[in-house]
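The values are calculated or read from the model by the stated rules, or taken from the named source; none is laboratory data. Nothing here was measured: the structure is a model prediction, and the numbers come from that model. Don't worry about glycine lacking a Cβ; one is built from the backbone with ideal geometry, like all the others, and counts go over all protein chains shown. Surface accessibility is based on the protein's heavy atoms, side chains included, excluding ligands, DNA and RNA. Shrake-Rupley method; radii C 1.70, N 1.55, O 1.52, S 1.80 Å.
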Amino acid sequence: TKSGGRHGYRFYEAEMDEIIEARRLLTADLRGALDRNEFLLHFQPLVDAKDSCTRGFEALLRWKHPTRGFVSPAEFIPLAEETGVIIPLGEWIIREACRIAATWPPRISIAVNLSPIQLRHSDVPAVVRTALGESGLDAGRLEIEITESVFLEATPATLVALTKLREMRLRLSLDDFGTGYSSLSYLRRASFDKIKIDQSFVRDLPCETSNLAIIRAIVDMATSLGMTIIAEGVETEAQRVCLLQQGCHQFQGYLFSKPLPAEEAAALIAAPPRR
Ligand code: C2E
Ligand code: CA
Ligand code: CA
Ligand code: CA
């Protein structure tokens, strides 16, 4: 900046160098992390809006870095996408999620996040077929979460892959709905079963009336298309009541549970908490 003068600028430059160096180091670590078994999945309950019973779990990736401890997926997933690490990593996520979900009762489903890069550059239907085969998990229990950004650079191959997944009886869930580029025509063409209302709309409920108007519009549209509606990031009882009134079918958020290690998820299924 002008007021900072030359020194201010230099400071900025030095800081940028540090950020770039930190990213370079993290990227180098990321490449070997899969072989070193540093990744694991946590599982967050998706609960029924009416009775708060667990209907399924979302698998959320965790990286236990040897010196830095847990690194946030928000930090390393973009690096994994840039470097292509997301391809083998994404395959591992699908297989690991299916392996663990197969140990749960058949009424419990599993939702797995898919990167747009993964969908574009790897044969996801083949990976899923292998994962289902080796785990014995029924395809009807597997839900695939993708964000709207998938459609930003959707190639014909992307739509073919989504169609194949549908033909395999998987369910498709549109993640972070409302935050990005929403093409209603893609919504219909890829025939999503479920829509996840982004937590940014939930955060300021029930006071923020503009968010409420958006949620109402999303619920109306999704209901008329026959989709299941889930709200994520539900943290308070007031938000739960408000979203229930709006007609959401499922909830996910800290009000019910944070993401849990596999053993704790299994324990929760066996002995659900009373609410
Ligand atoms: P997402 O798919 O939207 O996942 C929801 C995020 O919200 C998770 O963060 C979850 O821990 C967090 N969350 C859940 N309940 C609440 C709540 O009540 N309040 C708040 N403030 N947050 C809540 P997490 O685990 O850090 O993951 C961040 C993002 O990283 C995910 O956003 C997803 O985009 C990406 N990600 C995570 N796991 C995977 C994966 O296996 N594959 C891919 N491709 N992306 C993943
Ligand atoms: Ca998700
Ligand atoms: Ca989300
Ligand atoms: Ca998100």
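Sorted largest first, the spans of the alpha carbon positions of segment 35-101 along the three principal axes are 42, 23, 20 Å. Extension gain for E82-E153 works out to 24.0 nm (0.36 nm per residue, less the C-alpha to C-alpha distance). Figure legend: label point modelled 7 angstrom from the Cα of S191 along Cα→Cβ; residues of segment 141-155 with amide N under 19 Å from it are 141-146. In the structure displayed, which of K164/K196; K164/K194; K50/K164; K164/K258 lie more than 28 Å apart, Cα to Cα? With Cα atoms farther than 28 Å apart: K50/K164; K164/K258.
Could you tell me what percent of the DSSP beta bridges with both partners in the chain are antiparallel, to the nearest 5? Approximately 40 percent, going by the DSSP bridge assignments.
Surface exposure of the chain, expressed per residue as accessible area with a 1.4 Å probe, stands at 51 Å².
Taking amide H atoms as placed 1.01 Å from N in the peptide plane, the amide H of L60 lies under 5 Å from those of H42, F43, Q44, each 5 or more residues away in sequence or on another chain.
Other residues whose C-beta falls under 11 angstrom from the C-beta of L41 contribute a net charge of +1, scoring Lys and Arg +1 and Asp and Glu -1. Would you work out what percent of the accessible area of the chain, with all protein chains in place, is carbon or sulfur (probe 1.4 Å)? Carbon-and-sulfur percentage of accessible area, whole number: 54.
Here the spin labels are modelled as points 7 Å beyond Cα on the Cα-Cβ line, and at L40 and R129 they lie 3.4 nm apart. In the chain, Cα pairs under 8 Å separated by at least six residues give a relative contact order of 18 percent.
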